[in-house]
Amino acid sequence: MTRALVLGSTVLIGVSTIALSALQAPAPAPSAAALAATRIEKVKDNLYVITGSSPVPRETFSGGNVGVFITEKGVVVVDTKLANWGPAILERIKSVTTKPVVTIINTHTHGDHTGSNEFFAGATVESVVHENTKTNMARMDAFKGDKAKFLPTRTYKDKLTLGSGKDQIDLYHFGAGHTNGDTFIVYTALRTLHAGDMFPWKDAPFIDRSNGGSGRAWPDTIKRLLDGVKNVDTVIGGHQPVAGWKDLATFQRFLADLYAHASAAQKAGKTVDQAVADKTWMGKYAGYDSTRLQAAVQAIYDELSGK
Ligand SMILES: [Zn+2]
């Protein structure tokens, strides 16, 4: 249905239904600007990324980076952007392979990483997430009622290996961070990690406490990854260009410093605004923004005060 038709019928039905129809309205179709910003790029050999975008500005937002790993048996897709992006994702995949999609992995529950799971779901597609993420997804409207059939078909707790040889993928959960169910995906033969929103951008992260996220745990969780997983040099983050292992190590230190700064400020009786205003600790993080600092510091304050 076109936008004009939707608007017209809404007016005819009456004002009282507008609020309800807005709540029930399907997610918007991808905009031309967002489609143009969504390219498939080679990472290494048989691994590609379909570029994501930052949630701001909204007009070009498509959701997170999508991993496209072409194995002997078919294509493994990591994350599925916002709702209604399935056809565009598939079109990008078809530009690099004729193989079918056989596996979906979601790094975590958020709708900009699971939004088009429904498009790919089917009897021949296995979908895999951390067990906490399946629980979180089951609470989303996109996976309730009739749509529960689109929930992931397989879960794991600490580590899961899929495939073997050059097709091997290791999935790891090292603890809470962005949510309580984030998965790190390692393409072992390609020395590449898909980190999702555990490494979203070079700025303070979104700590989603409503899905079990933790600003206190996050740096330790990434430390366990850095210490426990070897032979990785390339990292696909949630909403940023492909980066390196050293960039992830820098982000881990940034998170540890963010937490130390926020918790010290709270202990000293400073307000969130005062804690945010003091950015001296950020001096050593060249290229980092502070546009999301306020929300992150607030989340850490809330976590420390048991809210
Ligand atoms: Zn997220």
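Think of the chain as a dipole: +1 on every Lys or Arg Cβ, -1 on every Asp or Glu Cβ, centred on the Cα centre; then among Ala138, Ile236, Gly306, Ile236 lies furthest on the positive end. When only Cα pairs below 8 angstrom with a gap of at least 6 residues are kept, the range 105-166 shows a relative contact order of 34 percent. Considering helices alone, the calculated mean residue ellipticity of the chain at 222 nm is -9000 deg cm²/dmol, with DSSP H runs of length four and up weighted by -39500 (n - 2.57) and normalised per residue. Taking the centroid of alpha carbons for each part, the range 157-191 and the range 65-120 are 17 Å apart.
Please arrange Leu160, Leu225, Leu304 by counting, for each residue, the other beta carbons lying within 10 Å of its beta carbon, fewest first.
Values: Leu160 18, Leu225 22, Leu304 15.
Ranked by crowding around the Cβ, least crowded first: Leu304, Leu160, Leu225.
On the beta carbon distance between Ala29 and Glu72, with R0 = 30 Å, the FRET formula returns roughly 0.30. Build a GNM of the chain with springs between Cα atoms under 10 Å apart, and of Arg216, Arg58, Arg92 the one that fluctuates most is Arg58.
The order of Lys246, Lys270, Lys144, going from fewest to most other C-beta atoms within 10 Å of their C-beta, is Lys246, Lys144, Lys270. For the chain, the relative contact order comes to 12 percent (Cα pairs under 8 Å, sequence separation of at least 6).
Which of rounded, prolate or oblate describes the range 30-304 when judged by the alpha-carbon gyration tensor and an a/c cut-off of 1.5? It is prolate, given that a/c is not under 1.5 and a/b is the larger ratio.
Report, for the chain, the % of DSSP beta bridges that are antiparallel, rounded to 5.
On the way: 25 of 39 bridges.
Once the DSSP bridges in the chain are tallied, antiparallel ones form about 65 percent.
Please rank Thr155, Thr98, fewest neighbouring Cβ atoms within 10 Å first, as an exposure proxy. If you can, show how the numbers build up before the last one.
Values: Thr155 17, Thr98 8.
Lowest count first: Thr98, Thr155.
Bear in mind these aren't lab numbers, they're just calculated from the coordinates by the rules spelled out. Here the structure is a predicted model, which means the values were calculated and not measured. Every residue, glycine as well, gets a Cβ built from its backbone with ideal geometry; the counts of neighbours run over all protein chains shown.
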